[in-house]
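A.B. asks: Shown below is the structure under consideration.
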Amino acid sequence: MIQKTLLITATLSALLLSGCSQKAPELENAEMGKNNISDATQITGDTVTIDENAYGNENKTDANVNVSNESNSDVLNSSNINSSANGFKSLYFGFGDYGIAPSMEQRLMQNSNIANQKTTRIKIEGNCDEFGTDEYNYALGLKRAKAVKDSMVAQGVNPNKMVIVSFGESNPVCSNPTDGCYAQNRRVDLRLAQ
């Protein structure tokens, strides 16, 4: 009886252990994901298909949160908010949006002029507010950064001189639960790559 129990236990243990052995996947490129920077040639077209209306809707109805594009533009146009560096100016976006707003075109032109004068690479950083999932915000930040890069390329900036990165919601400049604060976090920052 004891031998039978030992045999069954040994057999089950062998089956369990043999199913757990798998080789870890290897990265094709050791540089992939380093500092979340994507080479300008790696991003073409939309990289992720996302339903921008599917995320964050549960938060929009919160009594303490009133997210509206009208208040966003009022907040951003009435102040000199800038979290970019090296002479660049931050560009701001509406809730869930990654298109360049007409009110940001002047800043985009100024950034393009500065970029054309620089000899080093420029890092374009996409950022989001806290609404939506981490994956959604990462993809949205990437789309915002790509929109800025594409617009700067259209204005004559060399695409090989720019790299894009998405921080999603992980790099806020403001953490108060107000419309103005959320609007400050929906941005693209530009700086010289180091």
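A.B. asks: Residue under question is residue 156, and the condition is that it be on the phi > 0 side of the Ramachandran plot and touching a Leu at 6+ places or on another chain (Cβ under 9 Å); does it hold?
C.D. replies: Details: on the phi > 0 side of the Ramachandran plot: yes; touching a Leu at 6+ places or on another chain (Cβ under 9 Å): no.
The answer is no for residue 156.
A.B. asks: Looking at (1) of a type in the set (S, T, N, Q); (2) surrounded by fewer than 23 Cβ atoms within 10 Å (Cβ to Cβ); (3) at pLDDT 95 or above, which is the one condition that is false for residue 111?
C.D. replies: (2)
A.B. asks: Tally up the residues in the stretch 141-175 that are surrounded by 20 or more Cβ atoms within 10 Å (Cβ to Cβ) and assigned to a helix (DSSP H, G or I), please.
C.D. replies: Final tally of qualifying residues: 10.
A.B. asks: When both residues are 6+ apart or on different chains and their Cβ atoms are under 6 Å apart, which pairs have a first residue that lies in the stretch 133-151 and is under 13 Å from residue 187 (Cβ atoms), and a second that is charged (D, E, K, R) and modelled with pLDDT of 95 or more?
C.D. replies: Going by the 6 Å Cβ cut-off, the qualifying pairs are 137/169.
A.B. asks: Does the stretch 176-183 contain at least one residue that is surrounded by 21 or more Cβ atoms within 10 Å (Cβ to Cβ) and of a type in the set (A, V, I, L, M, F, W, C)?
C.D. replies: Applying the first criterion (surrounded by 21 or more Cβ atoms within 10 Å (Cβ to Cβ)) to the stretch 176-183 yields 182-183.
Filter once more, keeping what is of a type in the set (A, V, I, L, M, F, W, C): 183.
So far as the stretch 176-183 goes, yes, one or more of its residues are surrounded by 21 or more Cβ atoms within 10 Å (Cβ to Cβ) and of a type in the set (A, V, I, L, M, F, W, C).
The values are calculated or read from the model by the stated rules, or taken from the named source; none is laboratory data. All of these numbers come straight from a predicted model, not from anything done at the bench. Don't worry about glycine lacking a Cβ; one is built from the backbone with ideal geometry, like all the others, and counts go over all protein chains shown.
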